[in-house]
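Trainee: Structure in structure tokens, see below.
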Amino acid sequence: MNSRTKNSIINSSVSITTQILIVVLNFVVKTIFIKTLGSEYLGINGLFSNIITMLSLADLGIGLAIPYSLYKPLATKDEKKIKGLMKYYSKIYTVIGIIVLVIGLSLIPILPYIIKDMPDISNIYLIYALFVIHSASSYFFIYKKFLIDSDQKGYISSRIVFAFSSILSIIQIVILILTKDFILFLVSSIIMVILQNIYISKKVDKMYPYIKEKNIEELTKEEIKDIKKNVSAVFLYKIGNVVTNGTDNIVISKFIGLISVGLYSNYILIASSITSIINQIFGAITSSIGNLVVTTNPERSRDIYEKLNFFNFYLYSLFSICIMVLINPFIKIWIGNDYLLSNIIVFIFGLKIYTSGMQNVTSSFRNAYGLFHKARFVPILMVILNIVLSVILVIPFGIAGVIGGTILSTLLTTAWLDPYIIYKNGFQKSPKEYYIKYVMYLIIYIVLSILASLLFSILSINNIFGFIVAGTLIFVIINLVLIIMFGRTKEFIYFYDKFIPSIKNKLKLN
């Protein structure tokens, strides 16, 4: 087993395990939050979280460009280059943290124009300010985490994040039960993110002591120019991702109301909790993909890309359909009928999960190849389409229209343009076969979703036992259908050979 395989196995295993535990803790905190603070605070939490997501644009997408610049020097053990890069990123992230703080606080006067029905919540501006401070604090020292992750040692940072998340969850549960104070709840988050980043920083200093040396040479003008070129292109992608994923609640708040934001945020929480576990697999192997593309030929990279893309389709088809079928029964059991959205909204929401998730592998390879500049126009198109379509569709279709606008903006841009750029510039092949498979996968997903919705609509799931039975049934049925359809394909056989015989061969990339 080579080092790339070993690191992928360790990273994905630790990441998945810790993420599952974090999800469980977050659900406990969320449940107590709803019971103690109510739907208005839930809506404020969802809305302000989306505004802060928009503020993350201040990092210019440099967080995506850092790993790309580190893959090669880490592979060649070029300590001189690594030191120079770390010093440069240290300066950049300090500036970013200050910019987020200043811009975020300057938005306070326009909050009444964003929220359709301003809730009667005391200290609402202080609450928003604490959200901004939390976001700004997260940028300090965080640049060192990229060094661990890019060096295929993400399992280390995953364990640290889990430890601090666990402590924070316990503290917040105590705060909610004893005080019901949302401000204390937010202050605890700020303190913990600062302590977490400081701890990671110290850990990296011990692992890579040479980055603390004083004889650090500045990056050359050419190196900085190359980084800025990539960052400028990545920034456009960052805009696209933020607008696509971060404006839904803002549009809903403006055109429908804050209560609806709170309802929708529960669905986002449940879906993101599950998909975050899937994404840990692909996040854990991102550094291995970076190592792959700089050490192997385009044909080998394309082969791995197509196999991983099938695996991604399999997982997202399975889990997005399970979410679509089970999310309303879960919410009904969890917090009651008052927090439910309509079945059509849930169906479209499931499609959003699928289309968004299908970008995982493409994004990883695009970043690994450093094709930021060549793809710079794609997110511009996505941003324009997303805003226009969401605003147009929200009026006649409500929440369903907002989600539909997001789906359409993805399908009309990144879903086909990103693969085209990767195939032409990375794999040096035509993307025709990819497009055929993508359309086939999408049709299969939609058909299975409709059939699953019709099949399980006749069931009345009112308790945890019924939920477990229904969940088991849908999971088994979708798995069986996918196995029957794809069991003889080379992609399925590849992963069957890797996963089933031995867990240690998980996500093998050679």
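Trainee: What nm distance separates the two modelled labels at ILE170 and ILE384, each placed 7 Å from Cα along Cα→Cβ?
Mentor: Computed distance between label sites ILE170 and ILE384 equals 5.3 nm.
Trainee: Something else about it: At R0 = 60 Å, how high is the FRET efficiency between THR296 and ILE464 if r is their beta carbon distance? Nearest 0.05 is fine. It would help to have the intermediate numbers written out before the result.
Mentor: Numbers: r = 48 Å, r/R0 = 0.81.
Calculated transfer efficiency: 0.80.
Trainee: Considering amide H positions built from the backbone, and no H for Pro or chain starts, which residues 5 or more places from LYS429, or on another chain, come under 5 Å of its amide H?
Mentor: Distant-sequence amide H within range of LYS429: LYS424.
Trainee: Subtract the Cα-Cα distance of VAL439 and THR179 from 0.36 nm times their separation in residues, and report this length gain in nm to one decimal.
Mentor: Working: separation 260, 0.36 × 260 = 93.60 nm, distance 5.23 nm.
Separation in residues times 0.36 nm, less the Cα-Cα distance, equals 88.4 nm.
Trainee: Right, something else. Counting Lys and Arg as +1 and Asp and Glu as -1, each charge on the Cβ, what is the dipole of segment 305-392 about the Cα centre in debye, to the nearest 20? Display every interim value, and only then the final one.
Mentor: Details: 6 positive and 2 negative charges, 57 e Å.
Using only the charged Cβ atoms, the result is roughly 280 debye.
Trainee: Given R₀ = 25 Å, what would the calculated FRET efficiency be for ASN215 paired with ALA75, taking r from the Cβ atoms and rounding to 0.05? Walk me through the numbers before you get to the answer.
Mentor: Working: r = 23 Å, r/R0 = 0.92.
Efficiency computed from Cβ-Cβ geometry: 0.60.
Trainee: Something else about it: Suppose every Lys and Arg Cβ carries +1 and every Asp and Glu Cβ carries -1, with no other charges. What dipole size does segment 312-453 come out with about its Cα centre, to the nearest 20 debye? Mind showing how you got there, number by number?
Mentor: Details: 9 positive and 3 negative charges, 95 e Å.
In debye, rounded to 20, segment 312-453 gives about 460.
Trainee: Assuming a ≥ b ≥ c are the square roots of the Cα gyration tensor eigenvalues, decide whether segment 341-415 counts as rounded (a/c under 1.5), prolate (otherwise, with a/b larger than b/c) or oblate. Please list the in-between numbers first.
Mentor: On the way: a/c = 4.70, a/b = 1.74, b/c = 2.70.
Here segment 341-415 falls in the oblate category.
Trainee: Each residue of segment 308-323 in order: what ³J(HN,Hα) in whole Hz does its phi give by Karplus 6.51 cos²θ - 1.76 cosθ + 1.60, θ = phi - 60°, with x for Gly and Pro?
Mentor: In residue order, the calculated couplings are 5, 5, 5, 4, 5, 4, 4, 5, 6, 5, 4, 7, 5, 5, 4, 4 Hz.
Trainee: Please give the FRET efficiency for ILE108 paired with ILE484, using the beta carbon to beta carbon distance and R0 = 41 Å, rounded to the nearest 0.05.
Mentor: Working: r = 56 Å, r/R0 = 1.38.
About 0.15, to the nearest 0.05.
Trainee: Also, quick follow-up: Got a sec to turn the phi values of segment 452-469 into Karplus ³J(HN,Hα) couplings, 6.51 cos²θ - 1.76 cosθ + 1.60 with θ = phi - 60°, whole Hz, x for Gly and Pro?
Mentor: 5, 4, 5, 5, 8, 5, 7, 8, 10, 9, 10, 9, 5, 5, x, 5, 5, 5
Trainee: For LEU21 and LEU195, compute 0.36 nm times the residue count separating them, minus their Cα-Cα distance, and round to one decimal in nm.
Mentor: Extra length available between LEU21 and LEU195 comes to 60.6 nm.
None of the figures in this text is laboratory data; all of them are computed from the coordinates on show. Computed from a predicted model, the values in this text were never measured in an experiment. Don't worry about glycine lacking a Cβ; one is built from the backbone with ideal geometry, like all the others, and counts go over all protein chains shown.
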